[in-house]
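Asks: Here it is, the structure, as structure tokens.
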Amino acid sequence: MKNKLDKILRVDHAGEVGAAKIYEGQLKVLGKTNVGPMIQHMKDQEKEHLDTFHDLLNEHEVRPTIMLPIWNLAGYGLGVISAAMGKKAAMACTIAVEEVIGKHYEKQANQLTEKKYQGLKKKLLKFRDDELEHKDIAIEHDGQETPGYKLLKFVVQSGCKAAIKISEKI
Ligand SMILES: [Fe+2]
Ligand SMILES: [Fe+2]
């Protein structure tokens, strides 16, 4: 089923573009603070994820989502704004995003039952673990203690879920 693979690769590539941009935006604001190296670590892992999907898109001749320029801007904007609200708000943003992406990879991996997809499945599960590690790091750095945590989380997660739906389709 070529269509299923297309959808998975397109949306995952889009998500990793957004994730890398979020951390780039946060680094712009918080790069020189004590959380800088930790955000850099997450950004480096997102870059690794992004490169993987970039290569897979080429290999399987799947076009990226047409929304890519928008996700670039939205991701960067979210990173800068959340970081400008403070370290804890930046961490809250990470918790919100990584929770959605972690579940997303888990769900995709469960759909890949065919033998030919086991290599991809393994990658998705590794990335899921990375994303959940990012979430845990952000919890350890008091992301849940930011004022308005629940609202912020709801808004960010709603945005992520909408972006996922759109990127799977176009
Ligand atoms: Fe990632
Ligand atoms: Fe991540």
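Asks: Within the group GLY79, GLY75, which residue is open to solvent by less than 70 Å² (accessible area, probe 1.4 Å), in a helix (DSSP H, G or I), within 21 Å of GLU140 (Cα to Cα) and within 15 Å of ligand 2 (Cβ to nearest atom)?
Replies: None of the other options fit; the residue is GLY79.
Asks: Here's another thing I want to ask about it. State the number of residues belonging to the stretch 19-32 that are out of contact with any Lys or Arg (no Cβ under 7 Å at 6 or more places or on another chain) and open to solvent by 10 Å² or more (accessible area, probe 1.4 Å). Spell out how you get there, then give the answer.
Replies: Step one: filter the stretch 19-32 for residues out of contact with any Lys or Arg (no Cβ under 7 Å at 6 or more places or on another chain), giving 19, 21-22, 25-26, 28-29, 31-32.
From what is left, the residues that are open to solvent by 10 Å² or more (accessible area, probe 1.4 Å) are 21-22, 28-29, 31-32.
Adding up the residues that qualify gives 6.
Asks: I've got another one for you. Collect the residues in the stretch 148-165 that are open to solvent by less than 60 Å² (accessible area, probe 1.4 Å) and under 30 Å from ARG63 (Cβ atoms), keeping them in residue-number order.
Replies: The answer is VAL156, GLN157, SER158, GLY159, CYS160, ALA162, ALA163, ILE164.
Asks: Go through the stretch 45-72 and report how many residues are acidic (Asp, Glu) and open to solvent by less than 80 Å² (accessible area, probe 1.4 Å).
Replies: 2
Asks: Sort out which residues of the stretch 49-72 are in a helix (DSSP H, G or I) and without any contact (Cβ under 8 Å) to a residue 24 or more places away in the chain, and write them in order of number.
Replies: ASP51, ASP55, ASN58, GLU59, PRO69, ILE70
Asks: Evaluate the following for PRO37: is it open to solvent by 70 Å² or more (accessible area, probe 1.4 Å) and either under 23 Å from VAL155 (Cα atoms) or outside any helix (DSSP H, G or I) (or both)? Quick ask: steps written out before the conclusion?
Replies: Numbers: open to solvent by 70 Å² or more (accessible area, probe 1.4 Å): yes; either under 23 Å from VAL155 (Cα atoms) or outside any helix (DSSP H, G or I) (or both): no.
In short, no.
Asks: Is the stretch 127-134 home to any residue that is surrounded by fewer than 17 Cβ atoms within 10 Å (Cβ to Cβ) and within 14 Å of ligand 2 (Cβ to nearest atom)?
Replies: Scanning the stretch 127-134 turns up at least one residue that is surrounded by fewer than 17 Cβ atoms within 10 Å (Cβ to Cβ) and within 14 Å of ligand 2 (Cβ to nearest atom).
Asks: Here's something else I'd like to know. Among (1) within 15 Å of ligand 1 (Cβ to nearest atom); (2) open to solvent by less than 50 Å² (accessible area, probe 1.4 Å), which single condition is LEU112 missing?
Replies: It fails just one condition, (1).
The values are calculated or read from the model by the stated rules, or taken from the named source; none is laboratory data. Everything quoted here is computed from the prediction, not taken from an experiment. In this analysis, Cβ positions are derived from the backbone assuming ideal geometry, glycine residues included, and neighbour counts consider all displayed protein chains. These accessible areas exclude ligands, DNA and RNA; they are computed on the full protein's heavy atoms, side chains included. Shrake-Rupley method; radii C 1.70, N 1.55, O 1.52, S 1.80 Å.
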